[in-house]
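For reference, the structure is listed below as structure tokens.
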Amino acid sequence: MKDSKPTKQLFDSHILPKIKRAQKLARRQRKLIGYPLMSYKSLENKLDGIQSGFYLWAGISQSSKTMNMANLCFELLEKNENLYIVYYSIDDDFNTIYYRMLARESQIPINDVMLIERYISKMEEAGLSTRETITKWYSSCENRVKEKMKRVLVFDSNDTIYIEEMIKKTQEIHNQVAERNSDNQLINSNLVVLIDNFHLLEFKDEKKSGYSEKVKVTEMSHLVKNGLANHFDIPVMATAELRKLNHVGIPDLDALKESVALRYDANVVFLIHNDTVSKLGETTLYWYRKRDGTIDLATNWTHALMGSSVDDQMKAVEQAKESGKFMPIILLLVAKNKLSGFEGKIFYALDAKKATLYEIPNDLQMELRKIQIQFFSEGEKEIRKR
């Protein structure tokens, strides 16, 4: 019987170089395995940085999964000067992404950065600022966004919706930005890929384009993981839709749409829950900014109204929501994590008008964990039993 062990030649040519690279990586002088983040320190610590792998951001429609993923992208960009982001957006066009970046940079609401002259007139009429001040600030923010977009390479559905073309484009960019040693061995890919929305990806191959939805999702999932994340040794992040099953509570991994392949292929699964969307505003998961600029919970604000009647309290809360004082709290549930092991909840303060999320301070994180958020509606439980 022939020896089934690898030959010395195969070991020397194929296995040994990988061992040597792994040994070098383990001896790097770094605080984190992956890329650090600018202000999302809780997430950075729990994930040991953003490592190479397939990350899935899943949520129901309008749960802010794209905003979550995009803000993490900007956090990476601001903290890692040699990093490039390739952003394949099938859901939103280029202008939408550009205006979000400008709103985040300027902290001027999205609808106002889209019509800055209207905003200038409004601010001047209210005596809050002058044309010169706003124009100077707006122009400086435009220039900063322009500079950032040299490292955030945005391709929308007008460019491509096909995974094959995305892999080819990623290869071209990777060849330009990857860092290699004198022996042409890869040291750092310097690249992160974002895909929004995974379920809108298509195959250019005519045979594959005719697959059933379940087979298509399965094949696409394998290709995103193996053809992008593993092949280029980079973080690849994609948003994904959850199945709609009368859902009002926190989602679970079973709610991933169409195929279990996504659940198993993803190294990390973030489940996004926005209680204000799931429960149509009938929730206490809101935040507000105090006069000193710090974040606090809406429930702490309402405690000050305890001397008022219930009707007066409800009226005050509704007015705070309508005026924009109260804004949604987003729950990021790390439901699967094969990269660092952490699984649990992290809460974020969403300011949708300014396309920005802020990591809620640790003391308030503890308070939020005490709030009971219904896991599933009773109707959904019954559907799952049947």
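S309 to M366: FRET efficiency via 1/(1 + (r/R0)^6), r the Cβ-Cβ distance, R0 22 Å, to the nearest 0.05?
Efficiency, rounded to the nearest 0.05: 0.10.
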Just to be sure I understand: with springs between alpha-carbon atoms less than 10 Å apart, which residue in M123, M101, M114 has the highest mean-square fluctuation in the Gaussian network model of the chain?
M123
Rounded to a whole %, the carbon-and-sulfur portion of the accessible area of the chain at a 1.4 Å probe is 51 percent
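So between E81 and Y264, what do we pick up on full extension, going 0.36 nm a residue minus the alpha carbon distance? Spell out each step's value before the answer.
Details: separation 183, 0.36 × 183 = 65.88 nm, distance 3.24 nm.
Difference between extended and current length: 62.6 nm.
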Long-range amide H partners of T283 with built H, under 5 Å:
none
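With every protein chain kept in place and ligands, DNA and RNA left out, what is the accessible area per residue of the stretch 312-369? Probe 1.4 Å, answer in Å².
Accessible area per residue: 45 Å².
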What residues have an amide H closer than 5 Å to that of L194, excluding those fewer than 5 places away on the same chain, when H is modeled at 1.01 Å from N in the peptide plane?
V86, Y87, Y88, M237
Long-range amide H contacts for I187: which residues qualify at under 5 Å (H placed 1.01 Å from N, peptide plane, sequence gap of 5 or more or a different chain)?
E179, R180, N181
Could you tell me which label, among [x] -0.49, -0.61, -1.20; [y] -0.51, -0.61, -1.02; [z] -0.46, -0.57, -1.07, carries the value of log10 I(q)/I(0) by the Debye sum over Cα atoms at q = 0.08, 0.09, 0.13 Å⁻¹ calculated for this structure?
[x]
Probe 1.4 Å, protein heavy atoms only - accessible area per residue of the stretch 107-165 in square angstrom:
62 Å²
Using only the alpha-carbon atoms of the stretch 107-212 as identical scatterers, what base-10 log of I(q)/I(0) does the Debye formula give at q = 0.12, 0.22 Å⁻¹?
-0.70, -1.15
At a 10 angstrom cut-off on C-beta neighbours, averaged per residue, how do the peptides 65-78, 173-186 rank from highest to lowest?
65-78, 173-186
In Å, descending, principal axis extents of the Cα set of the stretch 214-371
59, 33, 28
Relative pair counts by distance (%), Cα atoms of the stretch 89-158, 5 Å bins:
3, 17, 25, 22, 16, 9, 6, 3, 0
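Going by average Cβ neighbours within 10 Å, how do the peptides 208-215, 136-143 rank, with the highest at the top? Write out the running numbers ahead of the final one.
Values: 208-215: 12.4, 136-143: 14.1.
Per-residue Cβ counts within 10 Å, averaged per peptide and sorted highest first, yield 136-143, 208-215.
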Name the most mobile residue of M38, M237, M327, meaning the one with the largest mean-square fluctuation, in a Gaussian network model of the chain with Cα contacts below 10 Å.
M38
So what is the calculated 222 nm ellipticity per residue for the chain, using -39500 (n - 2.57) for each DSSP H run with n of 4 or more, over all residues, to the nearest 500 deg cm²/dmol?
-11500 deg cm²/dmol
Suppose R0 equals 30 Å; then what is the FRET efficiency for N175 and K204 from their Cβ-Cβ distance, rounded to the nearest 0.05?
0.90
Using only the alpha-carbon atoms, how far is helix 94-106 inclined from the longest principal axis of the chain? Give it as 0 to 90 degrees, nearest 10.
60 degrees
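Of the peptides 287-295, 358-366, 345-353, 54-62, how do they stack up when ordered by the mean number of other Cβ atoms within 10 Å, highest first? Please report the intermediate quantities before stating the final value.
Details: 287-295: 12.1, 358-366: 14.4, 345-353: 19.8, 54-62: 22.2.
The peptides rank, most packed first, as 54-62, 345-353, 358-366, 287-295.
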What residues from the stretch 348-363 fall in the zone where the backbone N is under 20 Å from a label point 7 Å along the Cα-to-C-beta line of N111?
350-357
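The values are calculated or read from the model by the stated rules, or taken from the named source; none is laboratory data. This structure is a prediction, so every number in the text was calculated from the model and none was measured. All Cβ positions, even for glycine, are placed from backbone atoms using ideal geometry, and neighbour counts span all protein chains on display. Note: accessible area is taken over every heavy atom of the protein model, side chains too, but ligands, DNA and RNA are not part of it. Shrake-Rupley method; radii C 1.70, N 1.55, O 1.52, S 1.80 Å.
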